[in-house]
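Encoded as structure tokens, the structure appears first; notes follow it.
The values are calculated or read from the model by the stated rules, or taken from the named source; none is laboratory data. What you see is a predicted model; the values in this text were computed from it and never measured. Ideal geometry is used to build each Cβ from the backbone, glycine not excepted, and the neighbour counts take in all protein chains shown.
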Amino acid sequence: MLKEILREAGELFLEGYHGKKVVQKKGSVDLVTEYDRRIEEFLKERFAKYGLPVVGEESFAGSLPDSAIFIDPIDGTTNFVHKIPFCCISVGVWEDGEPVEAAVYNPVLSELFWAKRGAGAFLNDEPIRVSETSRLIDALIATGFPYTKVKRGRDYRFVLKSMERLLPLTRDIRRLGSAALDLCYVAAGRFDGFYEVNLKPWDVAAGMLLVTEAGGRVSDHRGEAYSFGEIVVATNGHIHADLVANLGRWE
């Protein structure tokens, strides 16, 4: 059911991606379009029958429930606006504080990543697995930059210091602009690892399950259980300890 609903929403996504759209700002560099809101409303209506609270990026207010459907109607809105094809719809279903079902759909590239707890992870109809890369120097790592960078605060300093430490120790670092897709790409073995600071629950709620169901590992920057709002680290498992050790301090 989740996959079919996202494919339907993908038609609206493509309409906005290829057509004209009204672009507004939620912050100095944080963009939103009418398609962010329209896709979220479409999904909320379709998921109403699931019997779980729906937490959407564009409408959330209040505290986070342990059981919910987390929606990011367009993850990578800046890419969406600029017609860069790394953007997606992300939906994660959580029960009692744990992810149980996930789907991330990039309609532009016709790639639908999905997973169910205990049943594996898939890209369209094919199973996916994390990479076998075992050395950090051979690893391609993804990251992202928080919108709060404009304030040049704690998270901004962490981004710069972590990249300074990691860049010479890895094959390279990529910044595609969609955390949900970064996590999917770790699950599919395209990236060997990913880390980012200051993400929201709807950014990672789906991708976390995809990584673990594909055989990878997700933690915080200390290598401990990840909680929403901290630094997320996702890898193939083989390079996890080395990536965590070389991220630097969260000061």
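Take the range 130-161 and flag every residue that is modelled with pLDDT of 95 or more and in a helix (DSSP H, G or I). Leu136, Ile137, Asp138 - these are the residues of the range 130-161 that are modelled with pLDDT of 95 or more and in a helix (DSSP H, G or I). From the list Glu58, Glu40, the lone residue that is assigned to a helix (DSSP H, G or I), of a type in the set (Asp, Glu) and closer than 24 Å to Phe13 by Cα is Glu40. Is it fair to say Leu140 is surrounded by fewer than 21 Cβ atoms within 10 Å (Cβ to Cβ), in contact (Cβ under 8 Å) with a residue 40 or more places away in the chain, over 20 Å from Tyr226 (Cα atoms) and not assigned by TED's automatic domain parsing to the domain that holds Ile239? It is false that Leu140 is surrounded by fewer than 21 Cβ atoms within 10 Å (Cβ to Cβ), in contact (Cβ under 8 Å) with a residue 40 or more places away in the chain, over 20 Å from Tyr226 (Cα atoms) and not assigned by TED's automatic domain parsing to the domain that holds Ile239. Of all the listed residues (Ser110, Ser59), the sole one being surrounded by fewer than 21 Cβ atoms within 10 Å (Cβ to Cβ), modelled with pLDDT under 95 and more than 30 Å from Leu247 (Cβ to Cβ) is Ser59. Taken over the range 116-129, the criterion of being part of a loop (DSSP other than H, G, I, E, B) and either without any contact (Cβ under 8 Å) to a residue 60 or more places away in the chain or out of contact with any Phe, Trp or Tyr (no Cβ under 8 Å at 6 or more places or on another chain) (or both) is satisfied by Arg117, Gly118, Ala119, Asn124, Asp125, Arg129.
For first residues located in the range 151-169 and in contact (Cβ under 8 Å) with a residue 12 or more places away in the chain and more than 12 Å from Ile141 (Cβ to Cβ), partners that are surrounded by 14 or more Cβ atoms within 10 Å (Cβ to Cβ) and among the aromatic types (Phe, Trp, Tyr) and lie 6+ apart or on another chain with Cβ distances below 8 Å form the pairs Arg154/Trp250; Phe158/Trp250; Val159/Phe145.
If you scan the range 1-55, which residues turn out to be within 12 Å of Thr77 (Cα to Cα), touching a residue at least 60 places away in the same chain (Cβ under 8 Å) and surrounded by 13 or more Cβ atoms within 10 Å (Cβ to Cβ)? Across the range 1-55, the qualifying residues are Phe13, Gly16, Tyr17, Lys21, Asp30.
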